[in-house]
Amino acid sequence: MDTALALTTDMKLVLGLVSLTMVLFLFERVRADLVALVVLVLLGLTGLVAPEDIFNGFSSNAVISVIATMILGMGLDRTGALNRLAAWLLRRAKGAEHRLLLYTSAVAGLNSSFMQNPSVMALYLPVASRLASRTGLSLSRFLLPIGAAIVMGGALTMVGNSPLILLNDLLVAANANLPSGVATLEPLNMFAPLPIGLALLLACLAYFHFFGDRLLQGKGESDGSVTPARTQSYFARAYGIEGDVFELTVTADSPLVGMSLGEAESLHEAPLLLALKTGNDARLSPPADARIWVGSVIGAMGERQQVADFAQNNMLRLSARLREFRDLFNPSRAGISEAVVPPTSKFIGKTQADLQLRKNYGISLLAVNRDKEVLRENVRNLTLRAGDMLVLHSIWQDLAQTAANRDFVVVTDYPKGEQRPHKFKIAMGIFAVTILIALSSRIPTSIALMTGVAGMLVTGVLKMDEAYDAINWKTVFLMACLIPLGWAMDSSGAAAWIAGHTIERLPRGLPIWMIEFTVAVLTALFSLVISHVGATIVVVPLAINLALAAGGDPTSFALIVALSASNNLVTASNPVMSMITGPADYNARDLWRVGAPLSLAYLVIVVAMVNLLF
């Protein structure tokens, strides 16, 4: 390779766009998907990518495969597969804590081999809650081992996570810019990384099995097993939300007559106002602008003395026996739940007043757990953040419909609507056929996965609208917009220029494995700043050119990059980690203390296994 390659204007533009992307991702002042869109537009305006190719990222095999895995995961969830899984895990564990943690983490890791990691974590949050509630163990003893296993298990197949899905497209694109005489880079088959993924998953299971007690010391008390059957004691202990539900009938002399429910809630020492009946219209989680009239019945929750004082001060008739709201407050129909706000939620930066949760979704926000601080005062005007734990009261069916939008992930185990257990065998059969088709080298993985999606839709496992809802469009848009940046890095010669100058400055005779390890560390650090997708797109062209300059195998270098891009077990910038910090009450120190040794082991295993296999 020509290490004296001159730095051209196109190279400068590409490197400038890469630097801009990293800065914007680092400071998070602008949404990641908007940054990706701006980069895509600039690539088109500067001519770094041809106009006819600029939007090809949206039709790439990688993007289609990501969409398909999201929909397939939703299909398996709708058939109640996880309910069966939780019951099976409990039976197999036979009451032994270590065995239960080991089996649950192992199965979660295997599941992540064919589903996107955040989707698997979203599915396993209620499973972990269910297991915790039945065993008396805390969620904190479950979630970090499960989350780490999911990250590790993503390396089992080429569709286990976004970087590996992207890799084959990047390898094919790199062929157009290879020096003459260099062999064409071939796409990797579906299970090419399987031995590496197995080594990573086994290392994770062994790490928590032998060192879990010491690593999670102080996290073992029963601190948050939440199920509808035990919500009262749990929420009283964790959030101070306690007492019973009472009916308050509004008399003609009450000062509440003509008030909105929001105004009544703001009164001094007001209990939680969870339901309202006016005439024949009885509603749980009524909107804040709902009016209170003579004869209206309010469903209030709180300690008896608090509710009695509120009733006396406001001329309300108190009844401890539920007559009007008996069906609405049935635990099998409604109750209190916890949900965590993921980094992709559109709720971030908005208040309950902006979102109008009660009016639009039929959900009442009772409290917010943020950084171990419980916020109950003026939650209506509290701006929500990623990682916030929301305490909600709602009808379970309304909660399920809202949760389907993926703006929050429900941690509480609750009765869900729209489950189709009678489709379980059909869904599993379709999934098995999909994997078999994917094993064929004659059919691209994206077509195989979409075959499974079509099968689930035709057989009624999923409805078409549910398939649309299963797709995380932010992830899809981010990937599709950044893919051309990788093309530009390669085609402009910027990757070759960096690789050549890097090799010039390295000591002569440096072993290839040391260069690979350095690339793995660099990729892992990049992923903390520009996400695992961004790191893969930027570093793979660089790694391929670095391999050519150092006399290494380009495919091996590229595979190390794709695997290392997911090596983030220490910060909440990893969507999986951000989803578990709130429910399990982990802090940054917990993640670094537990995750750092595992991340180092991850790097060593990846480099060693790639050198053994390739």
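Read-outs throughout are calculated quantities, based only on the coordinates presented, and are distinct from any laboratory measurement. Please read all numbers here as calculations on a predicted model, not as lab measurements. Counting neighbours? That spans all protein chains shown, and the Cβs are built from the backbone with ideal geometry, glycine included.
In terms of overall dimensions, the C-alpha atoms belonging to region 228-412 reach 48, 31, 29 Å along their principal axes, ordered largest to smallest.
Among LEU382, VAL341, ALA264, whose Cα lies farthest out toward the positive end of the dipole of region 228-412, if unit charges sit on the beta carbon of Lys, Arg (+1) and Asp, Glu (-1)? Projecting each Cα onto the dipole axis, the largest value belongs to VAL341.
Using packing as a proxy for protection, rank 156-165, 40-49 so that the peptide with the highest average count of other Cβ atoms within 10 Å comes first. Mind showing how you got there, number by number?
Details: 156-165: 27.3, 40-49: 17.4.
Sorting 156-165, 40-49 by mean packing, highest first, produces 156-165, 40-49.
Residue order for ARG304, ARG406, fewest other beta carbons within 10 angstrom first, comes to ARG304, ARG406.
With the charge dipole of the chain set up from +1 on Lys and Arg Cβ and -1 on Asp and Glu Cβ about the Cα centre, the Cα lying farthest toward the positive end among the listed residues VAL30, HIS98, VAL561 is that of HIS98.
Subtract the Cα-Cα distance of LYS346 and VAL521 from 0.36 nm times their separation in residues, and report this length gain in nm to one decimal. If you can, show how the numbers build up before the last one.
Details: separation 175, 0.36 × 175 = 63.00 nm, distance 3.25 nm.
Computed gain between LYS346 and VAL521 is 59.8 nm.
Restricting the GluC sites (Glu not before Pro) of region 333-435 to loop positions (DSSP other than H, G, I, E, B) with no more than 12 neighbouring Cβ atoms within 10 Å leaves GLU377, GLU418.
Quick one: TYR414, TYR103, fewest Cβ neighbours within 10 Å first, how do they rank? Numbers along the way, then the final one.
Numbers: TYR414 25, TYR103 19.
Lowest to highest Cβ neighbour count: TYR103, TYR414.
Scoring 390-399, 278-287, 68-77 by mean Cβ neighbours within 10 Å over their residues and listing the highest first yields 68-77, 390-399, 278-287.
Counting only helical runs of four or more DSSP H residues, what would the 222 nm mean residue ellipticity of the chain come to if each run contributes -39,500 (n - 2.57) and the total is spread over all its residues? Please report the intermediate quantities before stating the final value.
Working: 24 runs with 343 residues, N = 614.
It comes out at -18000 deg cm²/dmol, rounded to the nearest 500.
Once the Cβ-Cβ distance of ARG508 and LEU45 is raised to the sixth power relative to R0 = 41 Å, the FRET efficiency obtained is 0.45.
One equal scatterer on each Cα of the chain, no solvent, Debye formula: the resulting log10 I(q)/I(0) at q = 0.07, 0.09, 0.11 Å⁻¹ is -0.48, -0.75, -1.04.
Pairs of lysines in the chain whose Cα atoms sit within less than 19 Å of one another amount to 9, provided the residues are eight or more positions apart or on different chains.
Would you order VAL519, VAL540, VAL30 from fewest to most other beta-carbon atoms within 10 Å of each residue's own beta-carbon? Show your work: numbers first, answer last.
Working: VAL519 23, VAL540 31, VAL30 11.
Neighbour counts put them in this order, fewest first: VAL30, VAL519, VAL540.
Work out the length of the dipole vector of the chain about its Cα centre, built from +1 on the beta-carbon of each Lys and Arg and -1 on the beta-carbon of each Asp and Glu, and round it to the nearest 20 debye. Please report the intermediate quantities before stating the final value.
Details: 46 positive and 45 negative charges, 290 e Å.
Approximately 1400 debye in magnitude.
Each Cα pair under 8 Å and six or more residues apart adds its sequence gap; the mean of these over the residue count of the chain is a relative contact order of 21 percent.
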